[in-house]
1. Leaving out ligands, DNA and RNA, and with a 1.4 Å probe, what % of the accessible surface on the range 179-282 is carbon or sulfur?
2. As I understand it, the value is the acute angle between the Cα axis of helix 368-382 and the longest principal axis of the Cα atoms of the chain; what does it come to in degrees, rounded to 10?
3. Only Cα pairs under 8 Å and at least 6 apart count here; give the relative contact order of the range 194-245 as a rounded whole percent.
4. How much length, in nm to one decimal, is gained on full extension between ILE12 and ASN176, taken as 0.36 nm per residue of separation minus their Cα-Cα distance?
5. Could you state the angle between the C-alpha long axis of helix 42-51 and the longest principal axis of the C-alpha atoms of the chain, as a value from 0 to 90 degrees rounded to the nearest 10?
6. Compute the distance in nm between two label points, each set 7 Å from the Cα along the Cα-to-Cβ direction, one at THR367 and one at ALA137.
7. Which of the peptides 134-146, 171-183, 248-260 is most tightly packed, and how do the rest follow, going by the mean number of other Cβ atoms within 10 Å of each residue?
8. Please give the per residue accessible area of the chain, computed with a probe of 1.4 Å over protein heavy atoms only, in Å².
Amino acid sequence: MKEDFGLTQDQIDIQLMTRDFIRKELTWERIKECDEKNEVPMDIVKKCADMGLTSITLPESVGGGGMGEVTNSLVLEEISYQDVGFATTIGACGLCFTPINLFGTDAQKKLYADFILAGGLSAFCLTEADAGSDVGALRTTAVKDGDEYVINGTKAFITNGGNASVYTVFAMTDPNAGARGMSCFIVERSRAGISCGKEEDKMGIRLSNTCEVIFDNVRIPADHLVGQEGKGFKIAMSTFDITRPAGVGAACCGAMKSCIDKCIEYAATRVTFGQPILQNQAIQFMIADMEVRYEAARALAYRVAAGIDAHVIDSALSSASKTFSSESLVKTAEDAIQIHGGNGYSKEYPIEIIYRNSKIATIYEGTNQVQRMVIVKSLLKASGLM
Ligand SMILES: Cc1cc2nc3c(=O)[nH]c(=O)nc-3n(C[C@H](O)[C@H](O)[C@H](O)COP(=O)(O)OP(=O)(O)OC[C@H]3O[C@@H](n4cnc5c(N)ncnc54)[C@H](O)[C@@H]3O)c2cc1C
């Protein structure tokens, strides 16, 4: 990969270390096996935790890597090169931690860090069956009772839901106030009343666990409130501003690069009409277009990540990165299947998994329709029309 983002030597070292580690550990055979079983390779999760890959953005004061979104992007990009599903498993920890990092107390950061540094996973519990894009329609409630909150409700489609040891949970503290009645909490998995419901049998990213998380009269101390009551919606949206460029933007770039490498390798050896298919301009141009999308998506993702690290947050740019990267990956994976012909459609070749994995990026962390709503809102505001 070309490096022109002014990376520090530390960042390059982490990038190369992650590349070397993930390509050795998460082999194609292992990916295929886990994909078939819909299974998270927890032994590799543990190794990632030991290497600090699940705690990269945690402050050093609580034992984390103390690094920013550029470094996080490099790590998720490298993991996605092997498998977007496994990158989702690791990336979901950043999604869970970001609300605490942005709005939590030092004690909450420490509480979270203790679980993650011990090798645990975490999960971000926002979505419900009837509240996905329409986040303000949440039904989960958190009712203050003395010096505790009591949480009731069911979260849907939660990445790491079944494997996490700690959650951030969004619930209504004032159910009549819509989005302004939402609050955010840090909740340990060990609390009485938490269980996991239906596990999704997904089309792709099967190296990640996605399930319902059920809260049945779950009591947590009042000091587990993250930020202030009623600020949950703002906390969730601020979180996505930070996580979309790395968790989706850069991650999709890793998978695109994987498609490009696999297509060149395949096209150089697959012979039709007496010559490798790579000799055909039709094939070359498809690969060139993949490269154009990959470089453009990567430039945008790292531009936004660098902005975040410099405390310049631009919701519309984060959404643009998420949208462009995800749609670029879907198109790239589709063309990669085309270049592989019938073999691309077979489970014998990794390209089929990349294709199935690609689609989720246009859906999670807010659908691409929602991203376009964010982008247009920003443009209209800037034009004084809103
Ligand atoms: C594998 C997977 C992992 C996930 N992980 C997590 C997680 O870790 N934590 C979490 O909280 N959530 C998670 N989600 C949930 C995900 O973020 C939601 O599925 C997503 O936000 C869409 O919500 P929805 O499924 O309810 O779709 P809906 O909101 O029902 O949308 C359906 C369609 O309508 C469109 N639409 C809706 N409203 C509008 C509108 N106003 N204008 C135009 N189009 C509109 C949408 O774009 C979409 O195309 C995950 C989902 C999946 C599938």
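1. Ligands and nucleic acids excluded, carbon and sulfur reach 50 percent.
2. 70
3. Working: 25 pairs, mean separation 15.8, N = 52.
Result for the range 194-245 is 30 percent.
4. On the way: separation 164, 0.36 × 164 = 59.04 nm, distance 4.94 nm.
Length difference between fully extended and current span is 54.1 nm.
5. Value to nearest ten degrees: 80.
6. 1.1
7. The most tightly packed comes first, giving 248-260, 171-183, 134-146.
8. 42
The values are calculated or read from the model by the stated rules, or taken from the named source; none is laboratory data. Nothing here was measured: the structure is a model prediction, and the numbers come from that model. Virtual Cβ from ideal backbone geometry, glycine too; neighbours counted across all protein chains shown. Side chains are part of the model used for accessible areas, which takes the heavy atoms of the whole protein and leaves out ligands, DNA and RNA. Shrake-Rupley method; radii C 1.70, N 1.55, O 1.52, S 1.80 Å.
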